[in-house]
Amino acid sequence: MTHPLGQRTIRDFGEQWTKYTDNHGYYASIDLLRDVFGPLLEVEDLIGCRVAEIGAGTGRFVRLLVDAGASFVLAVEPSAAVEVLKRNTRDLDRVRYLHAPGDRIPPTGEFDFVLAIGVLHHVPDPGPILVAAWHALRPGGTVGIWLYGKESNALYLCMLSAVVAITRRLPHGLLAAFVWLTYWPVAAYMHACRLLPLPMAAYMRNVFFRFDRQTRKLVLYDQMNPAYAKYYVAAEARDLLERAGFIDVRLYHRHGYSWSVTGRRPQDA
Ligand SMILES: C[S@@+](CC[C@H](N)C(=O)[O-])C[C@H]1O[C@@H](n2cnc3c(N)ncnc32)[C@H](O)[C@@H]1O
């Protein structure tokens, strides 16, 4: 049973991803997938593998996983966005869909990888999803997650918490207008980050700057829309996987602002 705040968050994403359906450019590129997991996972490791993606949204990573050579992808998405996901990936015959929260992924023990990219920080109680991922993986299979990080983001989080207290309650049209207004100071900050060592400069230079204007606005909307978002410190990120029984847990502090984490289901379990 999904937590009420989690249900509200799923509804928020259902609306977000039916308004912003398009995936293109660096935002939907293999380079970005490489960047997300950095040294923890080579894209080549996915060749011939069975992969489940929890919280697949509009399917940008589903397409990338197939492009990278996955033999089968199960795309799990609980929100109304599942219709967009299916539409965006209907030309891919190696994809199946599960319209359900991540804790309902079947315990088949068949997957080489279970990935959740930008998802678990939007789930108030992510433990059951990781336990379900453990049972969906084959022994020796790998879980990979990407989470918002707390370290080095104090100033940003202070500003964001004041803003989201209002924006989370706005209907789509008003939020989109607010994002349009916010875009210009953020874009000025992004350009300043190219010259100065300001907070979040690495993210601004290496990720945000590489998106086009439309995608940057989507990123701002994505920060201001969902009812629930948690920013993790390293120990909490590690704990998520270790509590579910994963071993060989490895963390990567992506551009110093977020956490990518992988772990393995033991061979003998
Ligand atoms: C920020 S979006 C990320 C989408 C996709 N992974 C991407 O990066 O393009 C978060 C996604 O997680 C989904 N989500 C939220 N709660 C979930 C849950 N309990 N189980 C599975 N997915 C969930 C949302 O519906 C949404 O599509």
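Brief remarks on what is shown
- Compactness index (Cα Rg / 2.2 N^0.38 Å), segment 154-224: 1.11
- Across segment 57-71, coupling constants 3J(HN,Hα) worked out from phi with the 6.51/-1.76/1.60 Karplus curve, θ = phi - 60°, read x, 8, x, 5, 6, 4, 4, 5, 5, 5, 4, 6, x, 4, 7 Hz, and Gly and Pro carry x.
- Cβ-Cβ FRET estimate between Trp184 and Asp35, R0 fixed at 22 Å, reported to 0.05: 0.25
- Most mobile listed residue (Ala68, Ala116, Ala81) in the chain, GNM with C-alpha springs under 10 Å: Ala68
- Efficiency of FRET from Cβ geometry, Asp248 and Leu155, R₀ 25 Å, rounded to 0.05: 0.15
- Applying the Karplus relation 6.51 cos²θ - 1.76 cosθ + 1.60 with θ = phi - 60° to segment 103-111 yields 3J(HN,Hα) values of 6, 9, 4, x, x, 7, x, 10, 8 Hz, where x marks Gly and Pro.
- In this simple spin-label approximation, Ile166 and Leu92 carry label points 7 Å from Cα along the Cα→Cβ vector, and these lie 3.9 nm apart.
- Modelled spin labels at Val233 and Leu174, positioned 7 Å past Cα toward Cβ, are 3.6 nm from each other.
- Separation of the Asp125 and Arg104 label points, Cα + 7 Å toward Cβ, nm: 1.6
- Estimated dipole of the chain in Debye, rounded to 20 [Cβ of Lys and Arg +1, of Asp and Glu -1, Cα centre]: 660
- Solvent-free Debye scattering, log10 I(q)/I(0), computed from the Cα coordinates of the chain at q = 0.10, 0.11, 0.12 Å⁻¹: -0.48, -0.59, -0.71
- Comparing Ala235, Ala132, Ala192 in a Gaussian network model of the chain where C-alpha atoms under 10 Å apart are linked, the largest mean-square fluctuation is found at Ala235.
- Expected 222 nm ellipticity per residue - DSSP helices of 4 or more, -39500 (n - 2.57), all of the chain, to 500: -13000 deg cm²/dmol
- Among beta bridges identified by DSSP and lying wholly in the chain, the antiparallel ones come to about 40 percent.
- Fluctuation leader among Thr18, Thr167, Thr182 - the chain, Gaussian network, Cα springs under 10 angstrom: Thr182
- Anchor Lys150: aspartates and glutamates whose Cα lies under 12 Å away (excluding residues fewer than 8 positions away in-chain): Glu236
Quick note: the coordinates plus some simple rules give every number you see, no bench work behind them. Everything numeric here is computed off the predicted structure, so don't read it as measured data. Neighbour counts are summed over all protein chains in view; Cβ atoms, including those assigned to glycine, are modelled from backbone coordinates with ideal geometry.
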